[in-house]
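Everything on this sheet refers to the single structure shown next.
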Amino acid sequence: MSLSTELIHHPYRPPAEFEALAPGVHKASTVIFPSVAAMRERDWKDKSAYTYGLHGTPTTFTLEERIATLEGGRFALLTPSGLSAIALVDMALLRTGDEVLLPDNAYGPGKTLAEGELAAWGIRHRFYDPMNPADLAAQLSESTRLVWLEVPGSVTLEYPDLPALVAVVQQANDRFGHGDDPRRIVTALDNTWGAGIAFSAFESGVDVSMQALTKYPSGGADVLMGSVVTRDESLHRRLLLTHMRLGLGVGANDAEAVLRGLPSIALRYHAQDAATRELAQWMANHAAVAQVFHPALPGSPGHDHWQQHAQAAACLFSVVFRPEIGGDRVDAFCDRLRLFRLGYSWAGPISLCVPYHIPSMRTRSWPHAPHLVRFAVGLEAVEDLQADLAQALAMFN
Ligand SMILES: *Cc1c(COP(=O)(O)O)cnc(C)c1O
């Protein structure tokens, strides 16, 4: 045999029974079968065997099982980003002529997907006011198949009454006589903020919990990944088959990075929560600040719902300045920050900030000054972050 053949078909096998604390990183497109019979018999759908890298490896199966545990669900699927997890739910559950409802303060790219591809495929969408369950009730129709929920709203962090919104959908399913059939309206929660730590998605009654693992589960700001978790086996099957047909796989090194992040997720969540509350409270007392949005602050929209529903809060808070401080000065404030870096995403080690223009992101009216800054608190010492905010705020004195 030639050297290259010998290297490829090399007979040495390391001894079996290697045990270490970290799960192995198994990389594969091809999976080897011992016989044609095994090739024909194996089923990956119930995780009883391996057939092809796209359909699961020991590394991705392990991560799926741990994410299901994190969420208190039974079945998990992994996708290459949080946004592709949203797209998977939409594409698995919606067909031409169906309607999907989204909260008006939903994660922006999920709205854009509804306005773009979903609309082009004849799937209608409507935005409801998540702070008003009666508005959701009024917008549900016989063609509604999917209701997205998000707790709290993206960027503006209003905390809705999640169990009340879920109850509205359950009542609509009864009213339309959907029973258990596949035309039943499914509730899907974007649970990136709660991350499986702040509250239980499934105890709140939702059917599907989706997360950007990019945020807390990774914790490193170096991985993109998403998950879709359910408790209902038939719903999981629908999602699983669409996931397969779309070819949504994740890389073993990325799965490993999330597996490394998971053991510290609760510690990081609670540490960042404490630091964020301290900074949000401190900002609320500053003369240049008109309003701070953080569910744990009294006076922040939905604070009562947060108090009843959640045991913790994520690392985000948003600030609206006094009305005479215009957009240019808000931008200059962000440019002056040194530890808070300008960048999207959150729940990594580095604190971040992003200025937003809220009225252009909403269909409903926005009762505050239009320019808002969203802060994501990282793992730096809170006194250093406060000093950074103070030196930038000095421009308003
Ligand atoms: C970041 C984020 C997503 C998307 O995750 P990506 O991995 O960046 O695609 C979805 N929803 C929420 C609430 C997010 O914060």
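The values are calculated or read from the model by the stated rules, or taken from the named source; none is laboratory data. Predicted model, so just to flag it, every value in this text is computed and none were measured. Here the Cβ positions follow ideal geometry from the backbone for every residue, glycine too, while neighbour counts run over all protein chains shown. When the accessible area is computed, the model is the full protein with side chains, heavy atoms only, and any ligands, DNA or RNA have been set aside. Shrake-Rupley method; radii C 1.70, N 1.55, O 1.52, S 1.80 Å.
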Checklist outcome for this item: So, first residue in a loop (DSSP other than H, G, I, E, B) in segment 299-310, second residue of a type in the set (Asp, Glu) and buried (at least 20 other Cβ atoms within 10 Å of the Cβ), Cβ within less than 7 Å, six or more apart or across chains; the pairs are PRO301/GLU158; GLY302/GLU158
Checklist entry - Restricting segment 105-138 to residues that are part of a loop (DSSP other than H, G, I, E, B) and more than 22 Å from the chain's Cα centre (by Cα), which is nearest to SER360 (Cα to Cα)? => result ASN132
Item to check | Every residue from segment 83-115 that is closer than 15 Å to TYR128 by Cβ and among the basic types (Lys, Arg) | outcome: LYS111
Item to check | Hits in segment 169-198 (condition: under 28 Å from HIS294 (Cα atoms) and open to solvent by less than 20 Å² (accessible area, probe 1.4 Å)) | outcome: VAL169, THR187, ALA188, LEU189, ASP190, ASN191, THR192, TRP193, GLY194, ALA195, ALA198
Checklist entry - Residues in segment 23-31: is at least one under 30 Å from ARG74 (Cα atoms) and either in the same structural domain as HIS236 (by TED's automatic domain parsing) or of a type in the set (S, T, N, Q) (or both)? => result yes
Checklist outcome for this item: Residue count, segment 142-154, condition among the hydrophobic types (A, V, I, L, M, F, W, C) and open to solvent by 10 Å² or more (accessible area, probe 1.4 Å), comes to 1
Next on the checklist: Consider segment 216-229. How many of its residues are near the ligand (Cβ under 7 Å from one of its atoms) and surrounded by fewer than 24 Cβ atoms within 10 Å (Cβ to Cβ)?
Outcome noted: 1
Next on the checklist: Which condition from (1) open to solvent by less than 70 Å² (accessible area, probe 1.4 Å); (2) of a type outside the set (Asp, Glu); (3) at pLDDT below 95; (4) not in a loop (DSSP other than H, G, I, E, B) is the one that LEU7 breaks?
Outcome noted: (1)
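Looking only at residues in segment 109-130 that are closer than 21 Å to PRO160 by Cα and touching a strand residue (DSSP E or B) at 6+ places or on another chain (Cβ under 9 Å), which one is surrounded by the most Cβ atoms within 10 Å (Cβ to Cβ)?
Among those that are closer than 21 Å to PRO160 by Cα and touching a strand residue (DSSP E or B) at 6+ places or on another chain (Cβ under 9 Å), it is PRO130.
Does segment 67-81 include one or more residues that are touching a His at 6+ places or on another chain (Cβ under 8 Å), of a type in the set (A, V, I, L, M) and crowded, with 22+ Cβ neighbours inside 10 Å?
yes
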Checklist entry - Can you list the helices (runs of 4 or more DSSP H) found entirely within segment 148-265 that contain at least 2 residues being among the β-branched types (Val, Ile, Thr)? => result 162-175
Checklist entry - Just one of the numbered conditions (1) more than 14 Å from the ligand (Cβ to nearest atom); (2) within 25 Å of VAL258 (Cα to Cα) is not true of LEU213; which one? => result (1)
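In the list LEU246, LEU279, LEU241, which residue meets the criterion of being at pLDDT 95 or above and outside the structural domain of ALA76 (by TED's automatic domain parsing)? Write out each step before concluding.
On the way: LEU246 fails: outside the structural domain of ALA76 (by TED's automatic domain parsing); LEU241 fails: outside the structural domain of ALA76 (by TED's automatic domain parsing).
That would be LEU279, the only listed residue that is at pLDDT 95 or above and outside the structural domain of ALA76 (by TED's automatic domain parsing).
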Checklist outcome for this item: Exactly one of MET1, MET91 is assigned by TED's automatic domain parsing to the domain that holds ARG126 and either surrounded by 10 or more Cβ atoms within 10 Å (Cβ to Cβ) or hydrophobic (A, V, I, L, M, F, W, C) (or both), and that residue is MET91
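Across segment 273-298, what is the number of residues that are under 25 Å from ALA394 (Cα atoms) and part of a helix (DSSP H, G or I)? So that I can check it myself, show each step before the final result.
Initially, segment 273-298 is screened for residues under 25 Å from ALA394 (Cα atoms), giving 274-294, 297.
Narrowing the set further to residues that are part of a helix (DSSP H, G or I) leaves 274-284.
Final tally of qualifying residues: 11.
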